[in-house]
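Colleague: Got a structure for you, written out below as structure tokens; questions coming shortly.
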Amino acid sequence: MTVVQGNGQASIVADGLVKRFGPFTAVDHVSFSIGRGEIVGFIGPNGAGKSTTIRILCGLLRPTEGRAVVAGIDVARNPEGVRQHIGYMSQKFSLYGDLTVMENLRFFGGIYRVEGALLDERMRFAIDMAGLSGREDALVSTLAGGWKQRLALGCAILHRPPILFLDEPTSGVDPESRRRFWELIHSLAADGVSVLVSTHYMDEAEYCNRVALINQGRLVAMGSPSELKQRGLGGDLLLLECDTLGAALAAIEGTSGVRDVAVFGNTLHVLVDNGDIAQRDLPRRLAAKGLADARLSTITPTLEDIFVELVANSTIAGVAS
Amino acid sequence: MRLGRIRAMAVKEMLQVWRDPRSLMIALLMPVMQMALLGYGVNLDAKHIPVCTFDREGSQFSEALLKRFKSTAYFAVVETVDNYRALTAAVDGGDCRIAIVVPPDFSKRLSDSGASSVQAIIDATDDNSANLALGYAQSVVSGFSADIAVQRAGMQGQWMAAPAALSLESRVWFNEDLVSRNFIIPGVVAMVMALVGSQLTSLTISREWERGTMELLVSTPVTPMEVMLGKLLPYFAIGFFDAALCLAFAVFWFDVPFRGTVFTLFFTTALFLIVVLGLGYLISVTVRSQVGASQIALLVTMLPTALLSGYTFPIDQMPALIRAVTYLVHARYYVTILKAVFLKGEGVVELAEPILAMTIYAALVAVLAARAFRKRLE
């Protein structure tokens, strides 16, 4: 995966964005920039401020503070100017359920002023892309989730916008459909489309060129998935398998060299300063506690590990400040 | 403003109405039902008022008098009794609205003194009907007494001394038959248009909010003006279709005389449609739920139109304060125009005043509606 950074001019710039709803701060000084042809994933729990940030960038909400520049246009000053350059898929499915596939496409074609042969060609493309051939006259409300999402994407790119905002496009969609959806996004990015996509599926972050981790309205970290994994933990990750997890947890928690222990399913993820030393010391300690069956192995951290660690740190830092 | 976007919007809206049973019912069924219900149900004429008679004399004269009650269309003699108790029971039981009692000395007093009287007992629980019944009864009796006078003059061999040397001959204009339906039906058309127009559009924006489609619409380059025009255009067409339907109903079914020109009618109907569609749209933009918007639309259009437009209750008879309020009711102008076009055949020139008022109203609503819709989620 290569990051096409274009001529260096960013497609999307968020500069100190703040959004407050009364006393609640939904977005808290978020800054980043996204280049041409880049896919950036917004990762974070529900209510972290992902949707709010995307809505500000689309000009649907006015930021309380800060500046958003999309396609070189200040969004707050000229929201209408931005709209011809963007495609947007909202979190909630928002095509017209009482219209057919073709009627929806034709409507958005009309709204985006794509006409004649060009519209026919692009509608054809959208239908093929969504795998809806033969269902052109089906009411959209009767389609299954994956089809709906791909059709929504098809509508969002009818006018071939250089910038796409996708707000949790794959939530509630089956894994196969999700995989197909990401293939589509990649082919769009290969054509130079910048994509900002939010998700709460950690595995989807791996599909992105860069990932922005968001928690409680703040940008916790941003980088490519491999970058984040390398620098995110600042140590090595071990997997501990054991029949009596609770006892094992108690045995090694707080031992020198062990920075964190977290339960992952029926295993423990143990973050240590140095993997080699821990591989030597920990089994001895566990054996001493009568846990000889415990097996330790080195693993590559997933983004979820990183996220848990970073969020824990940022939350503590937040409380401390 | 792009025509293509307005067209896309209008086509989409039309398809949605076509597939929404609720909208379809408002558009097609409601006008017909309202016309039938209000056209037949609201009738201010008193005809065939049930009457009970008690002839205490049984003479030729008394029977001749009572025969007149039988022969007029205003009354229907439903009961003939021979004692006061039965008469009281008939009035109390609601079998009749009015009872006529001829005294036992009716003929005698008539021949002795040349004057006699009959008694009328009226159920006045509904004062309007009671007044009408009394009026009709008086006219029947006075007609009878006039004939008696002529007869007596003839019998005495006198040259007829003209019992009514001076008589008022009234001639009713515009609604010659004094059929209240002719007066009411044009108002019903206004009522239907007000109701249908604002109900349909009250759903249009709130539906987008409710179904979540507004979020996407707002993210597109469509302008508020394009949204408004695209959305109102189909309803304007539906409104016109409904208006034509109601007007045809009035003329061909209810036989309301139509003396004006179709042009005046359609021109003013277009103005009125702009007002009610705009109002519904304004409500829809402000209230983001379909049910809420439709309730408010009902309150804002139906009540004032029913009570304050002059459609059934004459504005001239209202207290000054209420009369002042009626100037704010859009339907007031349209009802005035409709009645004048239908019954008097007035044209655009004669109706300049209400047309001007309605134009100002339409312009005001259009400006407010165009400004009300903001492409933001907050």
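Every number here is computed from the coordinates shown, using simple stated rules; none is lab data. Keep in mind that what you see is a predicted model, and the values were worked out from it rather than measured. We place every Cβ from the backbone using ideal geometry, glycine too, and count neighbours over all the protein chains shown.
Colleague: Can you show me the helix-derived [θ] at 222 nm for chain B, built from DSSP H runs with n ≥ 4 at -39,500 (n - 2.57) apiece and divided by the number of residues, rounded to the nearest 500.
Modeller: -20500 deg cm²/dmol
Colleague: Highest mean first, how do A:204-214, B:199-209, A:31-41 rank when packing is the count of other Cβ atoms within 10 Å averaged over residues?
Modeller: B:199-209, A:204-214, A:31-41
Colleague: Got a sec to turn the phi values of region B:122-139 into Karplus ³J(HN,Hα) couplings, 6.51 cos²θ - 1.76 cosθ + 1.60 with θ = phi - 60°, whole Hz, x for Gly and Pro?
Modeller: Karplus values, whole Hz, x for Gly and Pro: 10, 7, 9, 4, 10, 5, 5, 5, 4, 4, 4, 4, 4, x, 5, 4, 4, 5.
Colleague: For a quick check: with amide H placed at 1.01 Å from N, whose amide H comes under 5 Å from A:Asp260's, ignoring anything fewer than 5 positions away on the same chain?
Modeller: Amide H to amide H, under 5 Å and 5 or more residues apart or across chains, A:Asp260 pairs with A:Leu271.
Colleague: Give me a comma-separated list of calculated 3J(HN,Hα) values for region A:178-189, in order, Karplus coefficients 6.51, -1.76, 1.60 applied at θ = phi - 60°, integers in Hz, x for any Gly or Pro.
Modeller: Each residue of region A:178-189 in turn: 4, 4, 4, 4, 5, 4, 4, 4, 5, 5, 5, 5 Hz.
Colleague: Still on this structure, please answer the following. What's the average, rounded to a whole number, of partner chain beta-carbon atoms within 10 Å of each residue's beta-carbon in A:55-61?
Modeller: That works out to 4 on average.
Colleague: With the Cα gyration tensor of region A:108-185 giving a ≥ b ≥ c as the square roots of its eigenvalues, does the rule (a/c under 1.5 for rounded; else a/b larger than b/c for prolate; else oblate) give rounded, prolate or oblate?
Modeller: On the way: a/c = 1.95, a/b = 1.34, b/c = 1.45.
Oblate, because a/c is 1.5 or more while a/b does not exceed b/c.
Colleague: Please arrange A:Leu166, B:Leu338, B:Leu321 by how many other C-beta atoms lie within 10 Å of their C-beta, fewest to most.
Modeller: Starting with the residue having the fewest Cβ neighbours, the order is B:Leu321, A:Leu166, B:Leu338.
Colleague: Additional query: Go through the protein assembly as shown and flag any cysteine with no other cysteine's C-beta closer than 4.7 Å, please.
Modeller: Among the cysteines of the protein assembly as shown, those whose Cβ sits 4.7 Å or more from every other are A:Cys58, A:Cys155, A:Cys208, A:Cys242, B:Cys246.
Colleague: Which whole-angstrom value gives the distance between the alpha carbon centres of region A:114-161 and region B:230-270?
Modeller: Here the two parts' Cα centres lie 41 Å apart.
Colleague: Okay, next question. May I ask you to order A:249-261, A:119-131 by the average number of other C-beta atoms within 10 Å around their residues, highest value first?
Modeller: A:119-131, A:249-261
Colleague: Now a separate question. Using modelled amide H (1.01 Å from N, peptide plane; none on Pro or chain starts), what sits under 5 Å from the amide H of B:Glu79, excluding residues fewer than 5 places away?
Modeller: Sorted by chain and number, the residues that satisfy this are B:Val51, B:Thr53.
Colleague: Ok, one more. Compare the peptides B:325-335, A:74-84, A:20-30 by average per-residue count of other Cβ atoms within 10 angstrom and give them in order, highest first.
Modeller: In descending order of packing, they fall as B:325-335, A:74-84, A:20-30.
Colleague: Quick one: check the C-alpha center-to-center distance for region B:1-21 versus region A:28-103, whole angstrom.
Modeller: Rounded to whole Å, the Cα centres lie 26 Å apart.
Colleague: While we're looking at this one, here's another question. Pairs of alpha-carbon atoms within less than 8 angstrom and 6+ residues apart define the contacts here; what relative contact order does chain B have, in percent?
Modeller: 20 percent
Colleague: Using the Karplus curve 6.51 cos²θ - 1.76 cosθ + 1.60 with θ = phi - 60°, work out ³J(HN,Hα) for each residue of region B:356-365 in order, rounded to whole Hz, and write x for Gly and Pro.
Modeller: So the Karplus estimates, Gly and Pro as x, are 5, 4, 6, 5, 4, 4, 4, 4, 4, 5 Hz.
Colleague: For the protein assembly as shown, what proportion of DSSP beta bridges, expressed in % and rounded to the nearest 5, is antiparallel?
Modeller: 60 percent
Colleague: Among B:Lys344, A:Lys50, which comes first, second and so on when ranked by fewest other beta-carbon atoms within 10 Å?
Modeller: B:Lys344, A:Lys50
Colleague: What average count of beta carbons from other chains do you get within 10 Å of the Cβ of residues in A:72-83? Spell out each step's value before the answer.
Modeller: Values: counts 0, 0, 0, 0, 0, 0, 0, 5, 5, 1, 2, 7.
Mean number of neighbouring Cβ atoms from other chains: 2.
Colleague: For A:104-112, what's the mean count of beta carbons from other chains sitting within 10 Å of each residue's beta carbon?
Modeller: Values: counts 1, 0, 3, 9, 6, 2, 13, 14, 6.
So the per-residue partner count for this stretch is 6.
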